[in-house]
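Reading through the structure tokens given below for one structure.
The values are calculated or read from the model by the stated rules, or taken from the named source; none is laboratory data. Keep in mind the model is a prediction, meaning the values are calculated, not measured. Here the Cβ positions follow ideal geometry from the backbone for every residue, glycine too, while neighbour counts run over all protein chains shown.
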Amino acid sequence: MTIQKEPTRTGTIMVQRSRSAGRVLIQSGTIVALILLILFFFAMRPDTFLSFVNIRNILYQISILAIIAGAQTIVMVVGDFDLSVGATSSLAGAVTSVMLLGENSMPIAILAGLAVGLLVGLVNGVLIAYLHLSAFIATLATMTSVIGLAYIVTGGTTVFGMPPEFNELGQGKFLNVPLPVYFAVAISVLIWALLRFTTLGRRLHAIGGNEEVARLSGVNVRWARLLAFTMAGFISAIGGILLAARLGSAAAEQGGDNTLFSVAAVFLGMTVIRSGAANLGGTMIGVAIIGVMSNGLNILGVNAYVQQVVTGIIIILAVVLSGLKTKER
């Protein structure tokens, strides 16, 4: 009997170790992927990739995406997603730019752009939380309408010629680091603190974990969901205004790519923690992966269309890994 039990026990231990290794791989796969990307591009371009100038360029490139992805994280914490964040950022940047060209003061123009983001987020929240539309349908419809409004605002052209003090917000530097990087860090810290330490943050996580349990626990689910989408719209507007300042121009769809990139970043980040839930820290790792990949491929001279294919594959892998984490829960 002892001879028969020993192989069974050994086999069980091996299976358990295999499962543990699988969990560790899923748990740390995103971080490992980031490290491997950095090592690969460094090996390919050791004289360029990890230079101060290039690291600064990466941070500069991902700063707007980090803000938009932060907005997306808030919505995905409650179990939804927002397809309109990129369009909202474009409209906010366009409204701000057009108002500046109309000789309005910079504070008034920026407030108008922020108000646009707030309004779009509020509309999304009402449609989803109170009229019970699916997040996909509601934000897809909002995205389409907002893009149309952006074309109306810009007249279908690229708007440029904003005052230098506005462009300074996106092009200026402090301690040789671009200002948008500081904005991205500050906004990310605020979102992290909101989700981790506030009552609202705990309620948002509770809704994302189990909406019915959260409701039975006394959480006003509709109000919390409304706030999540409203905050996402407002934060997206900040990103759009900074993007217009960085480019020195505004166009109807110049922030459109950030929608899919933000979703990909959040899905990548969901694999970082054991619960498999959306989290700001993980999202920033996802943003870093996208930024490093894009920058590295550019340095290697890879065609932009190939980069789109690679990005699509990353999104698929992110969703698959996120699904595995959800099953693990």
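Okay, here's what the table says:
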quantity: Hits in the stretch 124-142 - residues which are hydrophobic (A, V, I, L, M, F, W, C) and in contact (Cβ under 8 Å) with a residue 24 or more places away in the chain; calculated: 126, 128, 129, 135, 136, 140
quantity: Criterion: within 17 Å of residue 239 (Cα to Cα) and either in contact with a strand residue (DSSP E or B) (Cβ under 8 Å, 6 or more places away or on another chain) or not polar (S, T, N, Q) (or both) - qualifying residue of 177, 75; calculated: 75
quantity: Identity of the residue in the stretch 207-220, crowded, with 17+ Cβ neighbours inside 10 Å and in a helix (DSSP H, G or I), that ends up farthest from the chain's Cα centre (by Cα); calculated: 214
quantity: Any hit, the stretch 246-260, residues being acidic (Asp, Glu) and closer than 26 Å to residue 168 by Cβ; calculated: yes
quantity: Residue count for the stretch 84-104, restricted to those that are among the hydrophobic types (A, V, I, L, M, F, W, C), surrounded by fewer than 24 Cβ atoms within 10 Å (Cβ to Cβ) and in contact with a helix residue (DSSP H, G or I) (Cβ under 8 Å, 6 or more places away or on another chain); calculated: 2
quantity: Residue tally, condition hydroxyl-bearing (Ser, Thr, Tyr) and either touching a Ser or Thr at 6+ places or on another chain (Cβ under 6 Å) or at pLDDT below 95 (or both), over the stretch 173-187; calculated: 0
quantity: Matching entry among 209, 218 (being out of contact with any Lys or Arg (no Cβ under 7 Å at 6 or more places or on another chain) and either over 20 Å from residue 278 (Cα atoms) or among the charged types (D, E, K, R) (or both)); calculated: 218
quantity: The stretch 267-307, subset of a type in the set (Ser, Thr, Tyr) and out of contact with any helix residue (DSSP H, G or I) (no Cβ under 7 Å at 6 or more places or on another chain), residue surrounded by the fewest Cβ atoms within 10 Å (Cβ to Cβ); calculated: 305
quantity: Output for the stretch 152-171, where each listed residue is buried (at least 19 other Cβ atoms within 10 Å of the Cβ) and among the hydrophobic types (A, V, I, L, M, F, W, C); calculated: 153, 159, 162, 166
quantity: Residues satisfying the stated conditions in the stretch 279-312, i.e. at pLDDT below 80 and under 30 Å from residue 228 (Cβ atoms); calculated: 308, 311, 312
quantity: Of the criteria (1) surrounded by fewer than 19 Cβ atoms within 10 Å (Cβ to Cβ); (2) aliphatic (A, V, I, L, M); (3) over 16 Å from residue 65 (Cα atoms), which one residue 204 fails; calculated: (1)
quantity: Any hit, the stretch 77-85, residues being touching a Lys or Arg at 6+ places or on another chain (Cβ under 9 Å) and either among the acidic types (Asp, Glu) or part of a helix (DSSP H, G or I) (or both); calculated: yes
